[in-house]
1. Roughly what would the spin-label model give for I201 and D228, points 7 Å off Cα along C-beta, in nm?
2. Angle, helix 101-115 long axis vs. longest principal axis of the chain, Cα atoms, 0 to 90°, nearest 10?
3. Using all C-alpha to C-alpha distances in the range 14-120, build P(r) with 5 Å bins and read off the rounded percent in each one.
4. Using +1 at the Cβ of each Lys and Arg and -1 at the Cβ of each Asp and Glu in the chain, identify which of V466, M19, Y216 lies farthest towards the dipole's positive end.
5. Return, for the Cα atoms of the range 401-446, the radius of gyration and Dmax in Å, separated by a comma.
6. Determine the dipole magnitude for the chain: charges of +1 sit on the beta-carbon of Lys and Arg, -1 on that of Asp and Glu, nothing else is charged, the reference point is the Cα centre, and the result goes in debye to the nearest 20.
7. How are the Cα pair distances of the range 172-320 distributed, in percent, across 5 Å bins from 0?
8. Net charge around T294, counting only other residues with Cβ within less than 15 Å of its Cβ (Lys, Arg = +1; Asp, Glu = -1)?
Amino acid sequence: MPSNDSTEKKGYGWLVILMIGAFFTVLSTTLMSNVTPIVMTEFNVSATAAQWLTTIYMLTAGIIIPTSAFLMSKYATRTLFLTCIAVFTIGTMLGGFAPNFAVLLIARVVQALGASLIMPLLMNIVFKAFPEEKRGKAMGLFGLVLIFAPAIGPTLAGFILKIASWPALFHLVWPVTLIVFLFAYIKLEKDKETQPGKIDILSVILSIIGFGGTIYGFSSAGKSGWGDSIVITSLVIGILGIAGFIVRQLRMKTPMLNFRIFSKGQFTLSIIVFCTIIFAMYSVMIPVPVYLQTVRGMSPLESGLIMMPGSILMGLLMPVNGTLYDKFGFKPLLWIGFPLMIIASIMLSNFTLETSFAFVCIAYILRMVGVGIVQVPMQTNALNALSENEVTHGSAMASMLQQVAGAISTSLIVSIISSRAASHGKTFMATAMQEGKVITESMKGKISLEAMVAGNNDAFLMSIVVALTGLIIGLFIKNHKVGRKSHH
């Protein structure tokens, strides 16, 4: 790996430009999560339909990212970055001027088409520009984008919606990304086009069927139930598509996405733990706003303010966590991050109709700090297990799994909350009737809220299981300290 000062300075230059662009593309993943009720009212659509504004973004990225390793090896970094930022900016402008829900949904797809390659590009730059012993710190800065941006999305949306209507969420972003595009066009050095090659159409088709079908199946399960024929069919087709995609890649001389990197045990274990961390992040970012807004009647801004300290603290600790990883390896961070997540999940799974907002805020802080301590170091650990020529595929794989795990966990959490709330509602209603209580409209309303809280609590119980799984698997990862170089 190159480690001279000029390479590092160039690396940091790339990093700053890429980070600003990437911050706003990643921010857009969750910026719409707080506006679901507003969009439902304005366009007269259901909660499940409105949820697609977030899900379709991750779904599109999950389909496109498998091509990123191929694209990064074929085209110059500058060319790819400018194209991605331009497409994202067009999608964002379209979203701001959307006259109906269908156009808004299309705008989110265009945004994701542009945004999807930014993160693998950023990871690739970091790993090519910095020596192994300095990657943790560089990836810590990268983590500001990776975790901090989606974490503050709902809060930022709350602030904006207090003083403006929802199109402002788009109109405040596209001028910034347009400036990033112009700055990058002028300032970024032209780097050489790398290797020739044609994209494998069959791989792309299998990727779309596989990842699209799987995520659609999970998303539909939220409203239709797991026994629904469309849900089952989508999941079966999706899983077969992914299997076909993997087989196709293994048979190709130059695969679009190299699955052979999973033969390296440390990479595989690190990526599995990374996926449990992604689940942990999304499984707190959805139920907490649902509880604060739906159950406690808070505005998006008020709920965002309660969640903000956790998001800010997590972001500020990112570079620190990266530096600690460089110095001590992953194991010490594992023993801090996962227990914090588990303790916070236990706190979050005990919400009632009267839980104090200070308690909610503290639990959210513990949870997000726990996620932040392990996420970027885990990702760095996974990529450090690969040789230099495998890093492009490793970063593409990590980005793809992040999108897929994010979309699946989002859908799964929404599904758990709605199905468990419905189940608890029936139980509470039956109990009230057995006790001879008069079922007034007021009583029905209270039972509905209690059922929603119970459904939310069940989602956090599921989150405890996932965090425990991540901790146990993490124990099998070797504590790779970067002072000892493994690949040249």
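1. 3.3 nm
2. Result, in degrees: 30.
3. 2, 13, 23, 24, 17, 11, 6, 4, 1, 0
4. So the residue furthest toward the plus end is M19.
5. Rg then Dmax for the range 401-446, in Å: 16.3, 51.
6. It comes to approximately 1000 debye.
7. Per 5 Å bin, starting at 0, the Cα pair percentages come out as 2, 7, 8, 9, 12, 14, 16, 16, 10, 5, 2, 0.
8. Neighbourhood net charge equals +1.
The numbers here are math on the coordinates, done by the rules we state, and not lab data. Note that the coordinates shown come from a computational prediction; the quantities given were computed from them, not determined experimentally. All Cβ positions, glycine included, derive from the backbone under ideal geometry; neighbour counts span all protein chains shown.
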